[in-house]
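Below is one structure, written out as structure tokens, with a few remarks after it.
No lab work stands behind these numbers, since they all come straight from the coordinates. In this text the structure is predicted, and so the values were computed from the model without any measurement. Cβ: placed from backbone, ideal geometry, glycine included. Neighbour counts: every protein chain shown.
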Amino acid sequence: MKIHVYAGLKDYFQPEFEVESVVRNTDELKAVLVTINDKAEAMLSSCRFAVEEGFINNEYKLNQHDTIVIIPPSSGG
Amino acid sequence: MKIHVYAGLKDYFQPEFEVESVVRNTDELKAVLVTINDKAEAMLSSCRFAVEEGFINNEYKLNQHDTIVIIPPSSGG
Amino acid sequence: MVDKGGAVLSAGPIDMSGLLAGAHHPGAGAVVLFSGEVRDSNRGKAVAFLEYEAYGLMAQKVIAEILVTAREKWSLHIAVAQHRTGKVAVGDTAVVVITASAHRSEAYAANRYIIDRIKHEAPIWKCEHYADGTQEWGNNCNCHSVTGDPSRHIYESHG
Amino acid sequence: MVDKGGAVLSAGPIDMSGLLAGAHHPGAGAVVLFSGEVRDSNRGKAVAFLEYEAYGLMAQKVIAEILVTAREKWSLHIAVAQHRTGKVAVGDTAVVVITASAHRSEAYAANRYIIDRIKHEAPIWKCEHYADGTQEWGNNCNCHSVTGDPSRHIYESHG
């Protein structure tokens, strides 16, 4: 599963990387990401997730071939 | 006493004219103006008055040498 | 403090880009511009153009006071306004208000305050010239019918 | 209906005068422009410049949806927005929103709605670069700390 992260999340992860574990939803993905870098836990709890330019929530069933974009809180303007 | 009127009041009065009667305040002036053209009565009740670029109310003692500007409701913008 | 934005009345087209370009301030995170423009119809009748008459000296004084009040009330970095006189074509700007402040709430609120007060209080009048050749003096402010005093106004947006 | 204002993201300076010149409509009596500009200080520290990062495809989609929603909600004639990406100098415009409607209440309300939603929802982030060489990612939206959900936002100006 490909992961893209933006902005402040790049302090904790590479901008793009792969997760090999099987994760079925965003909660499971967050749990895996925290095992990679536990300092990211607080920020991850404030992030939104997107697949194919659409926001997803925890109900969305992740596919191992999906590219997941992790979106920290907006700070535009 | 010189009188200047603007906008819709020019449908009832000349833009500039003289009032010879002795008037001591704006209520008395309005009464005189209605004798000149009674159709102006309703509009006059909605007007503000000014002397030397300052708004005045009925407490202001008019002087026979004053120039009184009569200001219909604003419709700028 | 007197507004440094220059003339508040303009007999020719308003240079909106110029006014906006001059309205930057290093401490201002928010700039709000309002442009009041001439619509192509009014009360269902096609408008040919508008003509604005102003009691110039007093309009300047009234608008300058409004700008100073707004500047103080919202700690604005910039508050400028300019109103047209004479003929204004459909689609053209009749009045512009620009405000700038550290944060956006103040710039929006002050901008609205300024245009509302200008429309109610500045001795400026519009004459609507319709496509059918008729004309009619605008009579926007009729607050006196509620307040009983031509000097007391009611505003939609602020107390 | 898709906004006809063109690109909502811009890697170079925003042409504010051009956008404003294009924002006239014969049925619009009111045009409101908001410009969000880079301040010279933030949290008491001197700012050198900002750098905006965007998740471009999604930012475009989010902003386009916000503009369509505003246009319908307030019957706007015009609703355009443009946000910078990359480095933006102090005093320069980071984001502009222009709304036009028959009367002014709608143009103001819609304008505020659009900028508030863009700031909370569009996947765009600013990195503050300070004069002392330090840098910090902005974290403006922390609605989730109240709503418990990163997708649910609280707005100052509308429900």
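Restriction of the trypsin sites (Lys or Arg not before Pro) in segment D:1-84 to DSSP coil positions whose beta-carbon has at most 16 other beta-carbons within 10 angstrom yields D:K4, D:R43.
Provide D:H83, C:H120, D:H103 in ascending order of the number of other Cβ atoms located within 10 Å of each residue's Cβ, fewest first. Intermediate results must be reported in sequence, preceding the final value.
Details: D:H83 26, C:H120 21, D:H103 13.
The order, fewest Cβ neighbours first, is D:H103, C:H120, D:H83.
Nearest 10 degrees, 0 to 90: what angle lies between the long axis of helix D:104-121 and the longest principal axis of chain D (Cα atoms)? So the inclination is approximately 40 degrees.
Summary value for chain A: 41 percent relative contact order, contacts being C-alpha pairs under 8 angstrom separated by 6+ residues. Shown for D:G12: label points 7 Å from Cα along the beta-carbon vector, and their distances to the equivalent points in the other copies, 3.1 nm in ascending order.
Test of understanding: given chain A, find the longest segment containing no trypsin sites (Lys or Arg not before Pro) that are in a DSSP loop and have at most 14 other Cβ atoms within 10 Å.
Formally, the longest exposed-site-free interval is A:25-60.
So if I take the centroid of the Cα atoms in segment A:1-40 and the same for segment D:18-40, what is the distance between those two points in Å? That distance is 41 Å. Residue-normalised convex hull volume from the C-alpha trace of segment B:2-71: 77 Å³ per residue. The same position A:S21 in the other copies lies at 9.5 nm from this copy, comparing label points 7 Å beyond Cα toward the beta-carbon, shortest first.
In chain D, the longest principal axis of the Cα atoms and the axis of helix D:56-73 are about 40 degrees apart. Between copies, the label points at C:D92 (set 7 angstrom from Cα along Cα-to-Cβ) are spaced 3.6 nm, reported in nanometres from shortest to longest.
A 24 angstrom limit on the alpha carbon distance is what I want to check against. Which of D:K87/D:K119; A:K39/D:K119; B:K2/C:K119; B:K2/B:K30; B:K2/C:K61 exceed it? Cα-Cα > 24 Å for A:K39/D:K119; B:K2/C:K119; rest within. Each 10 Å bin, from zero up to the one with the longest distance, holds this percent of the alpha carbon pairs of segment C:7-133: 14, 42, 31, 12, 2, 0. For the protein assembly as shown, the orientation-averaged shadow of the C-alpha convex hull comes to 25.6 nm² (one quarter of the hull surface).
In segment D:52-96, what chymotrypsin sites (Phe, Trp or Tyr not before Pro) fall in a loop by DSSP, with at most 14 other Cβ atoms inside 10 Å?
Numbers: sites: D:Y52, D:Y55, D:W74; in loops: D:Y55, D:W74.
Here no loop site has a sparse enough neighbourhood.
In a simple Cβ point-charge model (Lys, Arg +1; Asp, Glu -1; nothing else charged), chain A has a dipole of about 120 debye relative to its Cα centre. Chain A residue nearest the rotation axis toward B, with distance: A:G77, 14 (Cβ to axis, whole Å). Within segment C:7-133, DSSP assigns beta bridges of which about 95% are antiparallel (rounded to the nearest 5).
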